[in-house]
Amino acid sequence: MKKNPRPPPRAPQSRREPPSSESEASRAARPLREDLVLQASLEAYGFIRHEGRLSDRALDFTLRHKRNLYSNERRAVAERVYALLRRQLTVDFLLERAHRGFSRLDKTRQDVLRLAASRILHGEPIDAVARTSSLNGLDADVLAALPEAARALEALPRDKRFPIAASLPDFLATHFRAVFGDDAERAAEAMNERAPLTARLNGFKGTREQLRTMLEREGVQSSPTPLSPLGLILDTRTNAFSLDAFREGWFELQDEGSQLLGMLVDAPPTKVVDACAGAGGKTLQLAVQMKNRGDLHALDIEEWRIDELRKRARRAGVHNVRTQVIPPEGPEADESIAALKGKADRVLVDAPCSGTGTFRRKPDARYRLTPEMLADHVARQKRLLERFSQMVKPGGRLIYGTCSVLREENEQVVEDFLARHPDYSVRPVAEQLGPELGAKVGPGPFLRLAPHLHGTDGFFGAILVRAK
């Protein structure tokens, strides 16, 4: 139910190479043409930070118009832009220390230095970065001064150092410390690492081992996800959308944490509602749980998302989904779901949220979020939980989830709902996941995942059971 004006194009990794008689492997092994990589990186970064575009769309737009780039160069552009976005506040602090007049430089020169400093921060040699960024004179001296600036950062008191080192706006840094306590630095550091490329098996096609074998035949290495029994971690250099296994519906790209949230539903083959279905990742997972039987209602406020869900369902061989576009707010929204009132055995509310658990994949989101936006998210989450709970039949279950790590959007929303609905109670997630997996995800009645603890995106999940 995310409010996006139009569907995003596929990720940059799915783009085709320019025609050539050379093999893709030989093209990928070519030395980078650094001038072209820098130009494309500057354009994409400028779209994101100076024009406010979302990172995935900005990169896709840029790379779609850079048809002369080869696969390794496209990958370098995406990796460098994302790496800088993850460390934006750190990089700016270091550059302002290394060059007192940094903030007065023109935007392009600032951005060239930012991209160069980010590469150094991620371990590349200073001399090599200066040379390949065509920096000399004063700009090269700025890069040489970065280690001293880094020592100045380390010397700051912990409270002042944390937001800069974590590259979190101050209000988010405060929230991270409240949630993670002494683990806040480790949690933020994990949020600033590149996320794995994770696939979820389509159980209608076969087993996880069969999918691994199929991927190996296509030259893709994979390993089983440590928590979800449905997942595989793919070689992150893989163009997943071009694989026969993907085209034939064997898998969907879905974070392991998202897979675990889907497992909490335990959808029976009767009547199930995915109330914030989006493009349908979890909808397809629920269809497998239901063995393609019963009625699986997928609701969303965006027509284009429902269209994408239908396409994915056809590819996956899913037949029991009933899609519906519903109004976002008001009496019309309640009226649109009136036919389902009190009839669903399971209702999943994977609510729109701040996305603080997905900073590895959407690093620019942290700079867009404001306290006011967070308050709006919480208010909407409470309204959605109230509205969609009306569809749960006596004895049925309401599963609430977010891709946030903030308690305001998670435990506090659940506590607010329970205070107004004494006929609901919490079912501990370990009872659903089983003792072995339940122990791995941690103590407590709720699913609470984080990159530094579980290697997944940050996710929250709660199972709420309505009394009979």
Subject >> Cα-only Debye scattering, segment 308-398: base-10 log of I(q)/I(0) at q = 0.11 Å⁻¹ >> reply: -0.46
Original post:
With all pairs of different alpha carbon atoms counted, what Kirkwood hydrodynamic radius in Å does segment 112-223 show?
Top reply: 17.9
Subject >> Cα pair count fraction exceeding 28 Å, expressed as % - segment 48-207 >> reply: 31
Subject >> Degrees, to the nearest 10: 170-180 long Cα axis against longest axis of the chain >> reply: 50
Subject >> Percent carbon-and-sulfur accessible area, the chain, ignoring ligands, DNA and RNA, probe 1.4 Å >> reply: 51
**OP:** Work out, step by step, the length gained on full extension between LYS341 and ALA379: first 0.36 nm times the residue separation, then minus their alpha carbon distance; give nm to one decimal.
**Re:** 11.5 nm
Original post:
Can you list the equivalent-ellipsoid semi-axes of segment 417-463, largest first and in whole Å, using the square root of 5 times each Cα gyration tensor eigenvalue?
Top reply: 23, 13, 6
Subject >> Over segment 338-468: Kirkwood hydrodynamic radius from C-alpha pairwise inverse distances, Å >> reply: 15.4
Original post:
Over the Cα atoms of segment 226-315, what Rg and Dmax result, in angstrom?
Top reply: 13.4, 40
**OP:** Specify the inter-centroid distance of segment 305-373 and segment 374-405, based on alpha-carbon positions, in whole Å.
**Re:** 11
Original post:
So what's the angle, to the nearest 10 degrees on a 0 to 90 scale, between helix 88-98 and the longest Cα principal axis of the chain?
Top reply: 20
**OP:** Would you work out the relative contact order for the chain, in percent, from Cα pairs under 8 angstrom that are 6 or more residues apart?
**Re:** 13
Original post:
To the nearest 10 degrees, how steeply does helix 55-64 sit against the main Cα axis of the chain, on a 0 to 90 scale?
Top reply: 60
**OP:** Counting only heavy atoms of the protein chains, get the accessible area per residue of segment 261-411 (1.4 Å probe) and round it to a whole Å² value.
**Re:** 35
Original post:
Too long at a 25 Å Cα-Cα cut-off: which of LYS271/LYS468; LYS205/LYS468; LYS271/LYS311; LYS291/LYS393; LYS205/LYS362?
Top reply: LYS205/LYS468; LYS205/LYS362
**OP:** Please report, in debye to the nearest 20, how large the charge dipole of segment 223-357 is about its Cα centre when each Lys and Arg carries +1 at its beta carbon and each Asp and Glu carries -1 there.
**Re:** 540
**OP:** Calculate for the chain the 222 nm mean residue ellipticity that helices alone would give, adding -39,500 (n - 2.57) per DSSP H run of length 4 or more and normalising by residue count, nearest 500 deg cm²/dmol.
**Re:** -14000 deg cm²/dmol
Original post:
Quick one: accessible area per residue over segment 110-217, 1.4 Å probe, rounded to a whole number of Å²?
Top reply: 48
**OP:** Return the whole-Å distance between the Cα centroid of segment 270-291 and the Cα centroid of segment 109-152.
**Re:** 48
**OP:** Could you list which residues have their amide H under 5 Å from that of GLY249, counting only those 5 or more apart in sequence or on another chain, with H placed in the peptide plane?
**Re:** none
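The values are calculated or read from the model by the stated rules, or taken from the named source; none is laboratory data. Predicted model, so just to flag it, every value in this text is computed and none were measured. Cβ coordinates were reconstructed from backbone atoms using ideal geometry, including for glycine residues, and neighbour counts include every protein chain displayed. Remember, those area values only see protein heavy atoms, side chains included, never the ligands or the DNA or RNA. Shrake-Rupley method; radii C 1.70, N 1.55, O 1.52, S 1.80 Å.
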